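Student: Starting off with a structure, shown below.
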Amino acid sequence: MRAYIYDNEDPADQRAAHDTGIEKSVQDLEKVGVMYWRIEGPNDIEQIDAIAKERQYKNRDTIVVSPEAMGEIYEEKVKSFFAEHLHEDEEIRFILDGSGFFDVRDQGDVWIRIHLDKGDMIILPAGIYHRFTTDEKNYIKAMRLFKEDPLWTPINRPIADDNKYRVEYVNSYNITA
């Protein structure tokens with residue numbers, strides 16, 4: 001995992017690095033509620049199971065985001081994932097293969113880009129504005145974990161500004177925007 005300030009001035013495709021060179025730490029991510037683990041080795045699934053039990057995740061599935069797996073809808077889907085949005089539940093991803101980017105807003109509304117690859121696990125809190133894209137390799141395979149039945153319902157910004165999960169998130173993490 002590597003986190004850094006996203007370069008908004010770079011006109012490149014969303015899948016490019018957009019790297020300002022300004023690094024962010026795991027502690028910086030924790031300040032906005034993002035949790036991170038590096039999980040690897042022969043007991044990686046046991047480690048996932050322990051986290052799932054502790055956090056009461058009952059269901060999981062696997063998603064592959066790539067042109068080969070998604071066919072003609074790939075470009076449209078990747079663009080839709082990149083629209084700034086939130087969810088009313090945590091977003092949990094364990095990267096099984098490939099790599100991609102999650103972008104989250106810091107306390108001052110600046111984008112932090114988080115590059116994840118195989119063995120990285122991230123949890124985004126309910127109510128955090130974020131977006132996702134594959135990187136230039138155009139391939140990621142991830143385990144998604146859920147507290148209830150698998151559900152992925154994005155609520156785009158600014159429609160979600162008054163959403164109760166957004167309000168709770170803003171109040172919990174002293175977000176200014």
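The numbers here are math on the coordinates, done by the rules we state, and not lab data. Just so we're clear, the structure is a prediction, and the values are computed from it rather than from any experiment. Neighbour counts are summed over all protein chains in view; Cβ atoms, including those assigned to glycine, are modelled from backbone coordinates with ideal geometry.
Student: About the Cα centre of the chain, what is the dipole size in debye to 20, counting +1 per Lys and Arg Cβ and -1 per Asp and Glu Cβ, all else neutral?
Tutor: Here the size comes out at about 360 debye.
Student: Moving on to the next point. Using helices alone, I'd like the mean residue ellipticity at 222 nm for the chain: each DSSP H run of four-plus residues gives -39500 (n - 2.57), total over residue count, nearest 500.
Tutor: -6000 deg cm²/dmol
Student: Right, another one. In the chain, what is the count of Lys pairs whose alpha carbons are under 17 Å apart, counting only pairs at least 8 residues apart or on separate chains?
Tutor: Qualifying lysine pairs in the chain: 7.
Student: While we're on this one: Can you pull the Kirkwood radius for the chain, inverse mean 1/r over Cα pairs, to one decimal in Å?
Tutor: It is 16.6 Å.
Student: At what distance in nm do the modelled label points of K137 and V64 sit from each other, each positioned 7 Å from its Cα along Cα→Cβ?
Tutor: It is 1.5 nm.
Student: Between E76 and D109, what FRET efficiency follows from the Cβ-Cβ distance if R0 is 22 Å, with the result rounded to 0.05?
Tutor: 0.20
Student: Using a 7 Å offset from Cα along Cα-Cβ at D28, what residues in segment 82-118 end up with backbone N under 19 Å from the label point?
Tutor: Counting only backbone N, you get 100-117.
Student: Now for a different question. Based on the Cβ-Cβ distance from D44 to K164, what FRET efficiency comes out when R0 is 45 Å, to the nearest 0.05?
Tutor: Plugging the Cβ-Cβ distance into 1/(1 + (r/R0)^6) gives 0.80.
Student: How much of the pair distance distribution for segment 1-77 lies past 14 Å, counting alpha-carbon pairs only, in percent?
Tutor: 77 percent
Student: Check D19: other-chain or 5+ apart residues with amide H under 5 Å from its amide H, H built from backbone geometry?
Tutor: Sorted by chain and number, the residues that satisfy this are D7.
Student: Is the C-alpha gyration tensor of segment 99-166 telling us rounded, prolate or oblate? Criteria: a/c under 1.5 is rounded; beyond that, a/b larger than b/c is prolate, otherwise oblate.
Tutor: In terms of gyration-tensor shape, oblate.
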